[in-house]
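Laboratory data are not the source of any read-out in this text; all were calculated from the coordinates shown. Just so it is clear, the model here is predicted, and its values are computed rather than measured. Because the Cβ atoms are built from the backbone with ideal geometry, glycine has one as well, and the counts that use them run over all protein chains shown.
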Amino acid sequence: MSTRTTSIRRAREADLGGLSKVFDASWREAYRGIIPGVTLERLIAGRDRAWWRGTLRRGRPVAVVEVSDLVVGYASYGRTRSRALGSESEIDELYLLPEYQGVGLGRRLFRAVRNDLADHGLTRLGVWSLEDNDRAGAFYAGLGGRPGPRVLDRMAGIALPKIGYLFG
């Protein structure tokens, strides 16, 4: 019998290392072959403990999924940062360690974040995904997301097409 417990809660200072680890592993898995190698490594290197500390202090919500005291995923979210998305709220990022993907934790995290936003009167939700990230696109479509706007994003000087998924 397993004694593992899973919880979803707001991130705190003690989670900085776990957040960095999730970002590192999930970005390597999700974007290898989509974002050129050197650019991807630079983006990952920039998400150290200091970066996360600053993010938590700015006050935009970050929720973590914790399994037996280990941070295995996170989502950052809030009011939409870009009118181009066409929604009032947005999930900026939702990532899980690769070994915890495909077991329903991403869905649970998405629902928890969506409920938190709805509790604050924000029911129309949007999420951006790189167009070439088929796995993320299938995840958001599977949650009921409708394909929305398409834009060209620039990451470290690289042009990458992305698509918005709309909920609500």
Could you check the simple spin-label distance between residue 119 and residue 9, using points 7 Å along Cα→Cβ, in nm with one decimal? 1.4
Residue 88 versus residue 48, label points 7 Å from Cα toward the beta carbon: distance in nm? 4.0
Could you check which residue among 84, 63, 75 shows the biggest mean-square fluctuation in a GNM of the chain with a 10 Å Cα cutoff? 84
Which distance in nm do the two modelled labels at residue 135 and residue 29 give, with both placed 7 Å along the Cα-to-Cβ direction? 0.6
Equivalent ellipsoid semi-axes, the range 111-168, via Cα gyration tensor eigenvalues times 5, rooted, Å: 23, 13, 9
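Would you please give the FRET efficiency between residue 41 and residue 21, computed as 1/(1 + (r/R0)^6) with r the Cβ-Cβ distance and R0 = 25 Å, to the nearest 0.05? Don't skip to the answer; put the middle values down first.
Numbers: r = 16 Å, r/R0 = 0.63.
FRET efficiency, residue 41 to residue 21: 0.95.
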